[in-house]
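One structure is given below, encoded as structure tokens.
Just so it is clear, none of the values below were taken in a lab; they were calculated from the coordinates. These numbers were taken from a predicted model, which means no experiment stands behind them. Note that each Cβ is placed from the backbone with ideal geometry, even for glycine, and that neighbours are counted across all protein chains shown.
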Amino acid sequence: TADADLAGRHVVVSAGGTREPIDPVRFLGNRSSGKQGYALARTAAARGARVTLVSANAALPDPAGVDVVHVGTAVQLREAVLKAAADADAVVMAAAVADFRPAEYATGKIKKRDDKADPTITLVRNPDILAEISADRARPGQVVVGFAAETDDVLANGRTKLERKGCDLLVVNEVGERKTFGSEENEAVVLGADGSETPVPYGPKEGLADVVWDLVQERLV
Ligand code: C5P
């Protein structure tokens, strides 16, 4: 990897997992630690890029030399990513974005009461930010990267998802015991819209991040 091969580039990385509030004390969340997204932000900065990291609820220190925007929900993450993407050369959506959010937010804590029926939480769909950015590129030649966690038929499901989302690259993780969530290490296959398939062996999240930036770099115009 050449040292400053991303110099003069602006890249946007989303990381962490969104939290969708139910009431003032509860939310719907997921197990994303943010470590892969933070590794992507750090490695891009080390390779000379200007980096905007849109971070959702990651319990990690802001990386040095990176612009960090902290968000909570999918709707907030969308706003921040779209804003930063306006002049970006590449957008990498490593965040685990909730597919659904509660239709209504209860302004007071939902209480259990014997004289009342058990509460029901109705969910509505969140916007698919990756699909939206891919369909509507803020600048020509912008490279868009998505992530997918799959438990079975990893490659076939990944290929279908890549096509559905319309991104240039899709990093497909096999979700398993010691892999992916909260771990320091990862194993993945990076699928390209051009049909390419790049396996990344089990190793530190920085290693996968560097492979992603190599593949992005090749696609930048
Ligand atoms: O559809 P699925 O959630 O498996 O897709 C994962 C990819 O899509 C990730 O890159 C994630 O950041 C992105 N995503 C998104 N908006 C959503 C859901 C997922 O951008 N509402």
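Some notes on this structure:
- Take every DSSP beta bridge whose two residues both sit in region 1-147; close to 20 percent of them are antiparallel.
- Measuring nothing but how far apart in sequence close Cα pairs (under 8 Å, 6+ apart) lie, relative to its length, region 24-148 scores a relative contact order of 26 percent.
- Set LYS165/LYS205; LYS35/LYS111; LYS35/LYS112; LYS35/LYS161; LYS83/LYS165 screened for pairs whose C-alpha atoms are more than 27 Å apart: LYS35/LYS111; LYS35/LYS112
- Whole-Hz Karplus values for region 154-165 come out as 3, 6, 5, 5, x, 4, 4, 5, 4, 5, 5, 7 Hz, taken residue by residue from phi with 6.51 cos²θ - 1.76 cosθ + 1.60 and θ = phi - 60°; glycine and proline positions read x.
- Taking HIS10, HIS70 and counting other C-beta atoms within 10 Å, the order from fewest to most: HIS70, HIS10
- Normalised contact order of the chain, rounded percent, pairs of Cα under 8 Å and 6 or more residues apart: 20
- Site pair ALA4 and ASP87 shows an inter-label distance of 2.0 nm when each label is modelled 7 Å from Cα along Cα→Cβ.
- Around the amide H of VAL200, modelled in the peptide plane, lie the amide H atoms of ALA188, VAL189, VAL190, all under 5 Å away and 5 or more residues distant in sequence or on another chain.
- Panel order for PHE27, PHE100, by other beta carbons found within 10 Å of each beta carbon, from fewest to most: PHE100, PHE27.
- Exposed-site-free run, longest, the chain (rule: GluC sites (Glu not before Pro); DSSP loop; at most 14 other C-beta within 10 Å): 1-103
- Rounded Å value of the spacing that divides the Cα centres of region 81-118 and region 187-221: 29
- Of the Cα atoms belonging to the chain, the radius of gyration and Dmax stand at 18.0, 67 Å.
- Sequence of ILE129, ILE121 once ranked by neighbouring C-beta atoms within 10 Å, starting from the fewest: ILE121, ILE129
- Segment ASP214-LEU60, extension gain: residue separation times 0.36 nm, minus the distance between their alpha carbons: 52.9 nm
- Per-residue Karplus couplings for region 22-33, computed as 6.51 cos²θ - 1.76 cosθ + 1.60 with θ equal to phi - 60°, are listed in order as 9, 8, x, 10, 10, 8, 9, x, 9, 8, 5, 8 Hz, Gly and Pro entered as x.
- Dipole magnitude (debye, nearest 20) for the chain, charges at Cβ of Lys, Arg, Asp, Glu: 800
- Using a Gaussian network model of the chain in which every pair of alpha carbons under 10 angstrom is joined by a spring, one finds that among THR73, THR151, THR107 the greatest mean-square fluctuation is at THR107.
- Across region 70-78, rounded Karplus estimates of 3J(HN,Hα) from the backbone phi angles (6.51 cos²θ - 1.76 cosθ + 1.60, θ = phi - 60°) give 8, 10, x, 9, 4, 5, 5, 5, 4 Hz, Gly and Pro being marked x.
- Loop sites here are trypsin sites (Lys or Arg not before Pro) outside DSSP states H, G, I, E and B with no more than 11 other Cβ atoms within 10 Å. The longest part of the chain free of them is 32-108.
- Cα centroid of region 22-52 to Cα centroid of region 152-166, whole Å: 23
- If R0 is taken as 30 Å, the Cβ-Cβ distance between LEU28 and ASP115 corresponds to a FRET efficiency of 0.65.
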